[in-house]
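Here's the structure, in structure tokens; my notes come after.
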Ligand code: PMP
């Protein structure tokens with residue numbers, strides 16, 4: 001098992017990046033994290049579509065097409081020899097002058113990281129995790145739009161640090177108007193009286209690929225599924241809470257701000273959706 005890093009088409013074991021890359025200096029970059037099944041990327045087309053949309057949103061022109069990325073990712077996965085991999089695709093603004101102005105950055109850098117994957121412990125899925133509603137707000141979409149997946153994650157880093165201080169494993173953020181948004185690297189779902197609720201995109205969230213799949217699965221399986229706006233306090237009324245993300249899949253939440261959610265263990269709807277999502281993953285690669 002090995003780490004392989006493809007830098008603009010060449011595969012390396014280690015990589016040093018210039019400190020003048022604006023991705024490093026300003027978080028001026030876009031990225032995707034992709035999981036694998038049998039070392040083949042899952043939902044790659046959706047991830048690449050979102051990568052190009054994020055790049056376009058920050059006027060970053062990716063110098064190659066999707067096919068180029070697919071081909072180089074495939075070669076890098078083969079070179080890794082991993083059973084399963086953690087894939088991170090990063091496109092940075094590139095090297096430029098040490099000013100905030102990106103106009104001197106002429107060549108974006110494309111980095112495909114393929115690493116050994118560290119899975120979340122089984123106990124997280126069996127017992128659920130502890131989350132906290134934190135005071136740090138999610139960026140409003142007219143600032144740094146959370147639906148653009150950039151390398152600037154300091155908002156979420158600060159939220160995660162606050163959750164740690166509160167003894168929780170992850171943070172849930174509200175937007176500046178007090179409406180629920182998402183976790184630090186995941187989307188939020190909760191269940192009230194049998195209805196599955198999730199903040200709508202206009203609350204200021206990333207349109208998660210797992211979120212999209214889970215909404216579809218819930219609807220196909222006859223659940224009442226609603227996207228909308230709910231104040232942070234609504235979460236205290238939830239019978240179940242879960243988070244979704246490429247690496248987390250469907251992760252149950254057992255405690256909110258130190259208080260049990262429902263019976264303080266993964267609820268039946270969460271477990272059903274986890275099973276359905278895992279089933280989908282093994283079918284569609
Ligand atoms: N929200 C944020 C802020 C994230 O970083 C992620 C992880 N990419 C998600 C949601 C979940 O998105 P996905 O299901 O596409 O991994």
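What are the semi-axes of the equivalent ellipsoid for the range 4-116, taken as the square roots of 5 times the Cα gyration tensor eigenvalues, largest first, in whole Å?
On the way: eigenvalues 122, 48, 22 Å².
So the equivalent ellipsoid measures 25, 15, 11 Å along its semi-axes.
Students often check this: by mean Cβ neighbours within 10 Å, which of 256-269, 173-186 ranks highest, and how do the rest follow? Can you show the working numbers first?
On the way: 256-269: 16.1, 173-186: 21.1.
Order by mean packing, descending: 173-186, 256-269.
For residue 122 and residue 17 in one chain, what is 0.36 nm times their gap in residues minus the Cα-Cα distance, to one decimal in nm?
Residue separation times 0.36 nm, minus the Cα-Cα distance, leaves 34.3 nm.
Taking Cα pairs under 8 Å and at least six residues apart, what relative contact order does the chain come out at, in percent?
18
Rounded to whole Å, give me the distance from the Cα center of the range 150-209 to that of the range 102-122.
23
Take every DSSP beta bridge with both residues inside the chain and express the antiparallel ones as a percent of the total, to the nearest 5. Please list the in-between numbers first.
Values: 45 of 56 bridges.
Given both bridge residues lie in the chain, the antiparallel proportion sits at roughly 80 percent.
Hey, fewest Cβ within 10 Å first, where do 172, 100, 129 land in order?
Result, fewest neighbours first: 100, 129, 172.
Å³ per residue of the Cα convex hull, for the range 56-211?
Hull volume normalised by residue count: 171 Å³.
May I have the extent of the alpha carbons of the range 122-284 along their three principal axes, as whole Å values ordered from largest to smallest?
Taking the Cα atoms of the range 122-284, the three principal extents are 37, 31, 27 Å.
Order of 54, 135 from fewest to most other C-beta atoms within 10 Å? Write down the numbers at each step before the final one.
On the way: 54 23, 135 12.
Going from sparsest to densest Cβ surroundings: 135, 54.
What's the exposure ranking of 33, 114, going from fewest to most Cβ atoms within 10 Å?
33, 114
Can you tell me what share of the DSSP beta bridges in the range 122-284 is antiparallel? A percent to the nearest 5 is fine.
65
Enter the angle in degrees (range 0 to 90, nearest 10) between the Cα long axis of helix 66-80 and the first principal axis of the Cα atoms of the chain, meaning the one along which they spread out most.
90
Can you work out D for the chain in µm² s⁻¹ from Stokes-Einstein, where Rh is the Kirkwood radius over C-alpha pairs, the temperature is 4 °C and the viscosity is 1.567 mPa s?
66
Any read-out appearing in this document is the output of simple, stated calculations on the displayed coordinates, not a laboratory observation. These figures come from a predicted structure and were not determined experimentally. Note that each Cβ is placed from the backbone with ideal geometry, even for glycine, and that neighbours are counted across all protein chains shown.
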